[in-house]
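Q: One structure, pasted below without further comment.
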Amino acid sequence: MFKVGHVYRRFTLASGKKVTLRVLRWEDLDGLLMFINSLVNEKQGDKKSTLYTGFDRKVTREEEVEWLAQTLVAIEGESVINMVADINGKIIANGDVTRGRYKDTHHHGHIGLTMISKYRGQGIGRRMIETLVRESRRAGLRTLDAEFLADNETARRAYERAGFKQAGIIPHKVFRNGRYFDGLIMAREL
């Protein structure tokens, strides 16, 4: 497994912006805090937001310190494969694969990915998913699943392109803005 700060890949968007996909590092604390709180603003300000669960309130610096410390320990302990996308040092996306906790699920991982809205639909998420799939295979995982809002077509397309298939629907999983949304589970073998 890769260590903190390792660069997975670099690429250039059609706009000319250069993206680096890399593992989190301690120095990302302030950037992560801005990232997570921008997602909170998005979810609170856009009733049609396709962000999944969480992002209900602003995160304090102390909370982010605790989360980052736990995540870095999990990366070093090889229970999490992590990746951020950064453009000119600004974190615009965060993704990870969490390995199953138990002996009989240790071969399985759950993949999650979140991105600032203005960067969605430009191929960053697809590249992150492809890289996380590759690194999951390298880490010895055999299967992956992802879960997100069923009407998040951008996420669905990105996961389908990476070989994921629909595995199930959880009716009314999320209640937001006075209505229910289904959760979609997609999965694939590696």
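Q: Of the conditions (1) under 30 Å from W26 (Cβ atoms); (2) of a type in the set (S, T, Y); (3) at pLDDT below 95, T154 clears all except one; give me its number.
A: (1) is the only condition that T154 fails.
Q: Does V65 count as touching a helix residue (DSSP H, G or I) at 6+ places or on another chain (Cβ under 8 Å) and modelled with pLDDT of 85 or more?
A: Against the criterion (touching a helix residue (DSSP H, G or I) at 6+ places or on another chain (Cβ under 8 Å) and modelled with pLDDT of 85 or more), V65 qualifies.
Q: Moving on. With respect to F55, is the statement that it is out of contact with any Phe, Trp or Tyr (no Cβ under 9 Å at 6 or more places or on another chain), surrounded by 15 or more Cβ atoms within 10 Å (Cβ to Cβ), aromatic (F, W, Y) and not in a helix (DSSP H, G or I) true?
A: When the stated conditions are applied, F55 passes them.
Q: Pairs under 6 Å by beta carbon, first residue within 12 Å of I87 (Cα to Cα) and modelled with pLDDT of 95 or more in the range 13-41, partner of a type in the set (G, A, S) and surrounded by 15 or more Cβ atoms within 10 Å (Cβ to Cβ), six or more apart or different chains?
A: V19/A85; L21/A85
Q: How many residues are touching a residue at least 40 places away in the same chain (Cβ under 8 Å) and surrounded by 18 or more Cβ atoms within 10 Å (Cβ to Cβ) if we restrict to the range 146-157?
A: Counting residues in the range 146-157 that are touching a residue at least 40 places away in the same chain (Cβ under 8 Å) and surrounded by 18 or more Cβ atoms within 10 Å (Cβ to Cβ) gives 6.
Q: With the structure loaded, tell me whether A14 is assigned to a loop (DSSP other than H, G, I, E, B) and more than 21 Å from G183 (Cα to Cα) or whether it fails that test.
A: So A14 fits the description; yes.
Q: Can you tell me which residue is surrounded by the fewest Cβ atoms within 10 Å (Cβ to Cβ) among those in the range 101-141 that are farther than 20 Å from A167 by Cβ and among the hydrophobic types (A, V, I, L, M, F, W, C)?
A: A139
Q: Test I81 against the criterion of being more than 23 Å from I185 (Cα to Cα), among the hydrophobic types (A, V, I, L, M, F, W, C) and either in contact with a strand residue (DSSP E or B) (Cβ under 8 Å, 6 or more places away or on another chain) or exposed (fewer than 13 other Cβ atoms within 10 Å of the Cβ) (or both), and give yes or no.
A: Considered against the rule, which asks whether it is more than 23 Å from I185 (Cα to Cα), among the hydrophobic types (A, V, I, L, M, F, W, C) and either in contact with a strand residue (DSSP E or B) (Cβ under 8 Å, 6 or more places away or on another chain) or exposed (fewer than 13 other Cβ atoms within 10 Å of the Cβ) (or both), I81 comes out as no.
Q: Being within 21 Å of Q70 (Cβ to Cβ), in a helix (DSSP H, G or I) and out of contact with any Pro (no Cβ under 6 Å at 6 or more places or on another chain), is that true of even one residue in the range 152-162?
A: No, that holds for no residue.
Each row is one residue, and each column tells you yes or no for (1) over 30 Å from R176 (Cβ atoms); (2) hydrophobic (A, V, I, L, M, F, W, C).
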| residue | (1), (2) |
| --- | --- |
| R57 | no, no |
| E63 | no, no |
| E66 | no, no |
| I75 | yes, yes |
| V80 | no, yes |
| I91 | no, yes |
| G100 | no, no |
| K103 | yes, no |
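Q: Can you name every residue in the range 107-141 that is part of a helix (DSSP H, G or I) and hydroxyl-bearing (S, T, Y)?
A: S117, Y119, T131, S136
The values are calculated or read from the model by the stated rules, or taken from the named source; none is laboratory data. Model, not experiment: these values are computed from the prediction. For neighbour counting, all protein chains shown are included, and Cβ atoms are generated from backbone atoms with ideal geometry for every residue, glycine included.
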